[in-house]
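The values are calculated or read from the model by the stated rules, or taken from the named source; none is laboratory data. All values reported here derive from a predicted model rather than from experimental measurement. Cβ placement follows ideal geometry from the backbone for every residue including glycine, while neighbour counts extend to all protein chains displayed.
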Amino acid sequence: MERKIRAYVRMKGLATALLAAMAALYGVARFYESQWPALGFVRALAEAAMVGGIADWFAVTALFRHPLHLPLPHTAIIPRNKDRIGENLAKFVETNFLAPEIIAGKLERMDLTIQFARWLSDPVRGRQIARWTLDFLPNLLAAIDDEDVRRFLHDNLARRVRDLDTPSIVGAIADTLLEDNRHHAVVTELLGQLTLLFEEHKPTIRQRVRESTAWIWKKLSIDEKVSDNLIAVVDETLKDLSENPEHAWRRGFDDAIRRFVVELRTSPEYLAKWEALKERFLDHPAVKDYLATVWREIKTSVERDARAPDSYIEARIEEAIAGIAKGLIEDAAMRERLNAWLRETMLTVIDNQRHGIARLISDTVRHWDADTVTQKIEWEVGRDLQFVRINGTVIGGLVGLVLHTIDVLIF
């Protein structure tokens, strides 16, 4: 702006000096014209130049202020019409710059996504973005209230758990196991584990049987036979259950599972129990404490990583940025979809806001001080307007010279 002001002042001085020179030249030519008639041509040139220069000075000055402080009609045009100029400027911008068809044509010729991808692909820029993000993260986490986060996590977990159709999930798992008798493998595995457990605790079982039998049985050594027979019966039963899928007990177990699945899905009592179980789980202090602990550990881990010279998060952010840039550059179809989305979004935003933008321009100009507006415009275009004064002086002088020459030659 200072450069424009200096250029304006310099050009204004030159135009004024030229007008003054023409006035001086007119005075000299007029004084000596009686002695040297040829000076009539000079006088005519200077006289017309003064007329042209003064006329253009008046016209240029009338744009910004009253010439010679005289309140003549149609002077100080810009200060008096500031609001109207603002309205017209706003309408001009809205019509010629923000019209949807103009914006659409401009956007159609632009590949915004490839420009962004190339900008993002610069490794130095990716590192800067990653570093800035990492510097920002600890401050962001510190500004977040821990209790608010815990409540947020708990509320979201509660919503997910309450929306979970647990009976249907358990029933679906049971149906999968019952299909083609797949649950038999599970039952067989359980029986195998039970057999191993029973084998491991046989000595303890014998000891407990002996301790529980009467003293007369011990004297007759019947307690050992009882414990051995009991263990043999259990062994035989477990073996039979494991090897015979058609065992009556296993068929009874199958029927019990099927009844349980049906009741699980249809019984109001079971449904109420599941809902009560969910609420007890959600209200348990251990769940709330765990969520708070998880958040604290996340904050601590991020803060520790942000201070580390070989930050894992920073490296991952850099990789993600590079991957996004590379993917956009290589995937033309994705770029086109993004460009279409950007064009549609920008057109929608601009079309919805163009009246507001125009109103912002007119309101801004309306609230400007008249002297401020005048001065700003004068500094912006005043240098070119001083050329108008110079041209008026020169052209006026030449016209005066031509007219005087015609007058001499004809009359």
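So VAL408 passes all but one of these: (1) out of contact with any Gly (no Cβ under 8 Å at 6 or more places or on another chain); (2) aliphatic (A, V, I, L, M); (3) loosely packed, with under 15 Cβ neighbours inside 10 Å. Which condition number does it fail?
Looking at each condition in turn, VAL408 falls short on (1).
For (1) in a helix (DSSP H, G or I); (2) in the same structural domain as TRP57 (by TED's automatic domain parsing); (3) closer than 30 Å to GLY13 by Cα; (4) in contact with a Phe, Trp or Tyr (Cβ under 9 Å, 6 or more places away or on another chain), each residue gets a yes or a no:
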residue	(1), (2), (3), (4)
ALA340	yes, no, no, no
LEU347	yes, no, no, no
HIS355	yes, no, no, no
SER362	yes, no, no, no
GLN375	yes, yes, yes, yes
TRP379	yes, yes, yes, yes
GLY397	yes, yes, yes, no
ILE406	yes, yes, no, no
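In the set ALA24, ALA29, which member is surrounded by 15 or more Cβ atoms within 10 Å (Cβ to Cβ), among the aliphatic types (A, V, I, L, M) and either modelled with pLDDT of 90 or more or within 23 Å of THR405 (Cβ to Cβ) (or both)?
ALA29
Hey, can you tell me all the residues within the range 278-304 that are without any contact (Cβ under 8 Å) to a residue 24 or more places away in the chain and charged (D, E, K, R)?
GLU279, ARG280, ASP283, ASP289, GLU297, ARG304
Scan the range 330-345 and give yes if some residue there is β-branched (Val, Ile, Thr), surrounded by 16 or more Cβ atoms within 10 Å (Cβ to Cβ), within 41 Å of the chain's Cα centre (by Cα) and under 30 Å from MET110 (Cβ atoms), otherwise no.
No.
List the number of the failed condition for TRP379; all other conditions in (1) at pLDDT below 85; (2) surrounded by 14 or more Cβ atoms within 10 Å (Cβ to Cβ); (3) over 30 Å from THR16 (Cβ atoms) hold.
(3)
Does the range 93-109 hold any residues that are in contact (Cβ under 8 Å) with a residue 40 or more places away in the chain, surrounded by fewer than 13 Cβ atoms within 10 Å (Cβ to Cβ) and outside any helix (DSSP H, G or I), and which are they?
Hits for the range 93-109: nothing passes.
Working only within the range 122-158, note down all residues that are acidic (Asp, Glu) and over 18 Å from GLY323 (Cα atoms).
Within the range 122-158, ASP135, ASP145, ASP146, GLU147, ASP148, ASP155 meet the criteria.
With the condition kept exactly as written, say whether any residue in the range 74-87 is without any contact (Cβ under 8 Å) to a residue 12 or more places away in the chain, surrounded by fewer than 17 Cβ atoms within 10 Å (Cβ to Cβ) and closer than 30 Å to ARG343 by Cα.
no
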